[in-house]
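These notes concern the structure reproduced below.
The values are calculated or read from the model by the stated rules, or taken from the named source; none is laboratory data. Keep in mind the model is a prediction, meaning the values are calculated, not measured. Don't worry about glycine lacking a Cβ; one is built from the backbone with ideal geometry, like all the others, and counts go over all protein chains shown. The protein model used for the area step is the full one, side chains on, heavy atoms only, and it has no ligands, DNA or RNA in it. Shrake-Rupley method; radii C 1.70, N 1.55, O 1.52, S 1.80 Å.
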Amino acid sequence: MTGLRYVYAVCRPFGTPLQSQLSGVAGDPPRGLTHHGLVAVVSHVPERDFAEEPLRAHLEDLDWLTETARAHQGVIDALTTVTTPLPLRLGTVFRDDSGVRTMIEAREEDFRRTLDRLEGRVEWGVKVYAESEPQESAQPAQKATSGRDYLRQRRMQTRSHEEMWQKAESFSTRLHEKLSAFAEDSRLHPPQNPALSKATGRNVLNAAYLVPRSHSEEFVEMVDRTKGEVPGMRIELTGPWAAYSFAGEAT
């Protein structure tokens, strides 16, 4: 089949086949290209969409980007169930199989070192959100009858907000320390922008944890036990994922 080569990930050879109905980017099923004892998982994609210029234009098209990212992630998720993949960046494309082999040779040492470190491990994501407004008291606030009353109420509201954020920061710090002690490695990411994530509340913790697959159930239970521990805190657990946050320069 003609076309460019879209590369999802590099991994070690694996015996369990991927799902027979798995469809990759541009609808082409992924396949393995083995070279120097490593496997690049690739699909054939049309040059009209994935050559340098059209790809750059497509990356500005949110609908196209969303569809492509979903297909890309679907292949990574499928790989994660059968092996430890080292995901490459969305839109990693080469002219032909020879170009993929050259890439493997150029980065072979980094690939092997990173795969050794990530073998048998998965990534779990934990986010903590604090309510954007403190809980209202049971009694409605009295209408200010003077400038002094108004300023007093404003000070009380400000103090309530500050106490809520301090509580949220303290809770998320304790949780991160606890989960980091259990995990083999962790990463703190910048808080999510609510305009992009559409999540309610203020994101006070956005972290990733590298956990042995065999210990994942215990990790999930640890997170679940903290839910409801502090009123007004919402905990979101995602995973298991391929270890994107811990792949380093190899990706």
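Give me the orientation-averaged projected area of the Cα convex hull of the stretch 180-251, in nm², one decimal.
Across all orientations, the stretch 180-251 yields a mean hull projection of 5.8 nm².
DSSP loop (so not H, G, I, E, B), at most 12 other Cβ within 10 Å: list which GluC sites (Glu not before Pro) in the stretch 1-110 pass both filters.
Within the stretch 1-110, the qualifying GluC sites (Glu not before Pro) (loop, at most 12 other Cβ atoms within 10 Å) are 60.
Counting other C-beta atoms within 10 Å, and keeping those with at most 15, which DSSP coil trypsin sites (Lys or Arg not before Pro) do you find in the stretch 198-251?
198, 227
Can you work out the accessible area per residue across the stretch 1-117, with the rest of the protein chains kept in place, probe 1.4 Å, in square angstrom?
52 Å²
Rounded to a whole number, what % of the accessible area of the stretch 5-100 do carbon and sulfur atoms account for, probe 1.4 Å?
After summing per-atom areas, the C and S share lands at 51 percent.
Mind putting a number on the dipole of the stretch 1-73 about its Cα centre? Charges go on the C-beta only, +1 for Lys and Arg and -1 for Asp and Glu, and I need it in Debye to the nearest 20.
It works out to roughly 480 debye.
So if we plug the beta-carbon distance of residue 188 and residue 166 into 1/(1 + (r/R0)^6) with R0 = 22 Å, what FRET efficiency do we get, rounded to 0.05?
0.70
Calculate the spin-label point distance for residue 105 paired with residue 56, positioning each point 7 Å from the Cα along the beta-carbon direction, and give it in nanometres.
It works out to 2.9 nm between the two label points.
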